[in-house]
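Engineer: Below you will find the structure I want to go over with you.
The values are calculated or read from the model by the stated rules, or taken from the named source; none is laboratory data. Keep in mind it's a predicted model, so treat the numbers as computed, not measured. Cβ atoms come from the backbone with ideal geometry, glycine included; neighbour counts cover every protein chain shown. With ligands, DNA and RNA removed, areas are computed over all heavy atoms of the protein, side chains included. Shrake-Rupley method; radii C 1.70, N 1.55, O 1.52, S 1.80 Å.
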Amino acid sequence: MVEAAGEYLPTLAPYIGKCKTLIAWDLDRAGYLARIFVHLGWIDEKESFDWIAKVAAKIKASGFTKWEEYFASILVGRAIHMGFDPEVIAAVYEILVENKEFMKSHPFSAL
């Protein structure tokens, strides 16, 4: 993951190399499951938003100060769980590099 990030996302590589927690991977999965459970009809939309609000509070309390730190935690957790996938790197590149206006308009501190 560090090598791939160095090649495709050189600005993210230092964050991956310093990643100390995989909590973003876990929290991201919890939000994903809330969306899937609504789609399957296992929980209603209000309950899913309650879950997502709890996840957002945990993310804010997790100590991440930048999107890059958060994405690094997701990428390392995903790589450990599922292996390396260049498509994931491409998606992160799209968000962090090619569409910076989205990241600037939604600073991590505003969670």
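Engineer: Could you give me the residue pairs with C-beta distances under 8 Å whose first residue belongs to segment 16-37 and is touching a residue at least 60 places away in the same chain (Cβ under 8 Å) and in a helix (DSSP H, G or I), whose second residue is open to solvent by 60 Å² or more (accessible area, probe 1.4 Å) and among the hydrophobic types (A, V, I, L, M, F, W, C) wherever it lies, and which are 6+ apart or on separate chains?
Structural biologist: That search, which allows pairs on different chains as well, returns ILE16/VAL2.
Engineer: Looking at segment 80-98, is at least one residue in a helix (DSSP H, G or I), under 16 Å from ILE23 (Cβ atoms) and at pLDDT 70 or above?
Structural biologist: Scanning segment 80-98 turns up at least one residue that is in a helix (DSSP H, G or I), under 16 Å from ILE23 (Cβ atoms) and at pLDDT 70 or above.
Engineer: Check GLU7 against each of (1) open to solvent by 60 Å² or more (accessible area, probe 1.4 Å); (2) modelled with pLDDT of 85 or more and name the one condition it does not meet.
Structural biologist: (2)
Engineer: Return a yes/no flag: does segment 41-57 have any residue that is part of a loop (DSSP other than H, G, I, E, B), modelled with pLDDT under 90 and open to solvent by less than 80 Å² (accessible area, probe 1.4 Å).
Structural biologist: no
Engineer: Right, something else. Of these, ALA24, ALA13, which one is of a type in the set (Gly, Ala, Ser), modelled with pLDDT under 90 and open to solvent by less than 60 Å² (accessible area, probe 1.4 Å)?
Structural biologist: Residue meeting the stated conditions: ALA13.
Engineer: Just checking, which of LEU40, LEU9 is aliphatic (A, V, I, L, M) and in contact (Cβ under 8 Å) with a residue 24 or more places away in the chain?
Structural biologist: LEU9
Engineer: Additional query: Within segment 59-79, take every residue that is open to solvent by 70 Å² or more (accessible area, probe 1.4 Å) and in a helix (DSSP H, G or I) and give me the one that is modelled with the highest pLDDT.
Structural biologist: The qualifying residue modelled with the highest pLDDT is ALA61.
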